[in-house]
Amino acid sequence: MRTLKAIIFDMDGVIIDSEPQHGRAALKVLHKYGADADMSYHEQFIGSSTANMAQKVISDFSLSLSPEELLAELNQAKREIHKEEGYPSLPGICELIPKLAASGWKLAIASSSNPAEINAVVSSLGIRKYFDQLVSSSNVAHPKPAPDTFQLALKKLGVSAEEAIVVEDSSYGVEAAIAAGIACVGYDNPHSGKQDLSRADVLLESFEGLTPSFFLHVWQRKQKIPVTIANTRRLIIRELTVADIPDLYPIYKDPEVAKFIDDIDDYKEMEMAKQAAYIRNVYNFYGYGLWGVFSKTSNGLIGRCGIENHVVDGQDEIMLSYLLDSNHWGYGYALECCRAVFQYAYHALDIDNIVAVIDKENVRSLRTAKNLGMKPEKDLIYKNRDAVLYRIHLTEESSQKGKNR
């Protein structure tokens, strides 16, 4: 069975916020030799090796230096800055790394920096003991965006591309991960210049508050393994797969269910294509959505539940949605799955404010909202329906209320 076995980190711009330091060091040296360069010029080299940078700089400005001489000056300038300023770690990263190591995954750094710099950084931050391998582009024939650096890391770790995740902040790094066939988390570091991270599997703006489950879920989605959201007394709630779609359509077409659902296409092929696009895009982008509800008794799909982003009465809201096959009404399944959604939203997603918009004629759902502890806030017209807006502010206590066992 496939499992996640390793996480590979870039270093500069991911573990340490070093790109501004590297930029200042490079400009100090370039200006010394009369090169008219600024920080925007330096940004093109983020994620690449300093050897490549030296060759291009010499060519661009016709410098009378060898690449080795320029590299020596660049490294000296960086050492002076690091001696004065140290190595500024990214917020949350030094707290995250021990948690990942404790989860049993192998960790590596695969960086364009030289081996001495990599060792100096991890030693200075006190995180060396958590890394199984330190890999430098200096030891491969082709630096990023070629896959060589990551391929060497995989070899040293003893894992395959399908068993790893890369964390990168540069377009070169993302391209290298893709070329190596590794799932990639893109970290949007504002100090790393204008980087195209659009091809990463998911984007991060901060490492603070991240848990190991985030990386596991990214890897599972890359490998097309549905993420299990909750395992309750009678139900499994998990992400849907394309293979589940044929079982979903009959539920949508159930007359008792369909009367309160909007935007269901009468043509099965079109509706199924729409659902397939939802599965491919929404789970990965948001980390949540509408999930499948499966009966432990029959192992079959009996409905959907989850949370989505919606604009309600001009306000951005996180909305609870749920539907069940009418054959499973009246047995408390709606309460069971919605309580599980609340617990997951609060503890895994840090979401504490959830609404539901319910048709006034949908008496069962009105009763469910009340039993969930949601409070009616106001009447409104939503998608041409007379509806009631319900809201709940989740707390530790309310998220555990009626916890399914």
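Only the coordinates and a few stated rules stand behind these numbers; no lab work does. What you see is a predicted model, and the numbers here were worked out from it, not measured in a lab. Glycine gets a Cβ as well: all are built from the backbone with ideal geometry, and neighbour counts include every protein chain shown.
Here is how the numbers come out for the structure above:
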{"quantity": "Cβ charges +1 (Lys, Arg) and -1 (Asp, Glu), total dipole of the stretch 19-85, debye", "calculated": "120 debye"}
{"quantity": "Simple Cβ-charge dipole of the chain, Lys/Arg +1 and Asp/Glu -1, about Cα centre, in debye nearest 20", "calculated": "1620 debye"}
{"quantity": "Inter-probe distance in nm under a simple model that places probes 7 Å from Cα toward Cβ, at Ser124 and Cys94", "calculated": "1.1 nm"}
{"quantity": "Between the stretch 56-113 and the stretch 343-358, the Cα center-to-center distance that results, in Å", "calculated": "40 Å"}
{"quantity": "Max mean-square fluctuation residue, GNM over the chain, Cα-Cα springs under 10 Å, options Asp244, Asp169, Asp12", "calculated": "Asp244"}
{"quantity": "Viscosity 1.306 mPa s, temperature 10 °C, Stokes-Einstein D of the chain from Kirkwood C-alpha radius, µm²/s", "calculated": "66 µm²/s"}
{"quantity": "Simple label model, 7 Å out from Cα along Cβ direction - His191 to Ala243, nm", "calculated": "4.6 nm"}
{"quantity": "Residue-by-residue Karplus 3J(HN,Hα) for the stretch 128-144, coefficients 6.51, -1.76, 1.60, Hz, glycine and proline x", "calculated": "4, 5, 8, 9, 7, 9, 10, 10, 10, 5, 4, 9, 10, 6, 10, x, 3"}
{"quantity": "Inter-label distance, nm, simple model (7 Å from Cα along the C-beta direction), Ser295/Asn231", "calculated": "2.1 nm"}
{"quantity": "Selection from Leu210, Ala176, Trp105 lying farthest towards where the dipole of the chain points positive, charges on Cβ", "calculated": "Trp105"}
{"quantity": "Per principal axis, descending, Cα span of the stretch 19-85 in whole Å", "calculated": "32, 22, 21"}
{"quantity": "Helix-only CD estimate at 222 nm, as mean residue ellipticity for the chain, using -39500 (n - 2.57) per DSSP H run (n ≥ 4)", "calculated": "-12000 deg cm²/dmol"}
{"quantity": "Lysines whose Cα lies under 18 Å from that of Lys28, excluding same-chain neighbours fewer than 8 positions away", "calculated": "Lys56, Lys78, Lys83"}
{"quantity": "Net length gained if the chain between Lys32 and Ser59 were fully extended (0.36 nm per residue, minus Cα distance)", "calculated": "8.1 nm"}
{"quantity": "Cross-link partners of Lys370 among aspartates and glutamates (Cα-Cα below 16 Å; sequence separation of 8 or more within a chain)", "calculated": "Glu336, Asp359, Glu361, Asp379"}
{"quantity": "Out-of-range pairs (alpha-carbon distance over 23 Å; input Lys224/Lys259; Lys155/Lys194; Lys106/Lys222; Lys5/Lys194)", "calculated": "Lys224/Lys259; Lys155/Lys194; Lys5/Lys194"}
{"quantity": "Semi-axis lengths (Å, descending) of the ellipsoid that matches the C-alpha gyration tensor of the stretch 1-56", "calculated": "32, 12, 8"}
{"quantity": "Stretch in the chain that is longest and holds no GluC sites (Glu not before Pro) that DSSP places in a loop and that have at most 13 other beta carbons within 10 Å", "calculated": "1-204"}
{"quantity": "Overall Cα dimensions of the stretch 228-400, principal axis frame, Å, largest first", "calculated": "38, 35, 34"}
{"quantity": "Per DSSP, loop trypsin sites (Lys or Arg not before Pro) in the stretch 1-71 with at most 13 further Cβ within 10 Å", "calculated": "Arg2"}
{"quantity": "Theoretical gain in end-to-end length, Asn353 to Ile261 [0.36 nm per residue, Cα-Cα removed]", "calculated": "30.8 nm"}
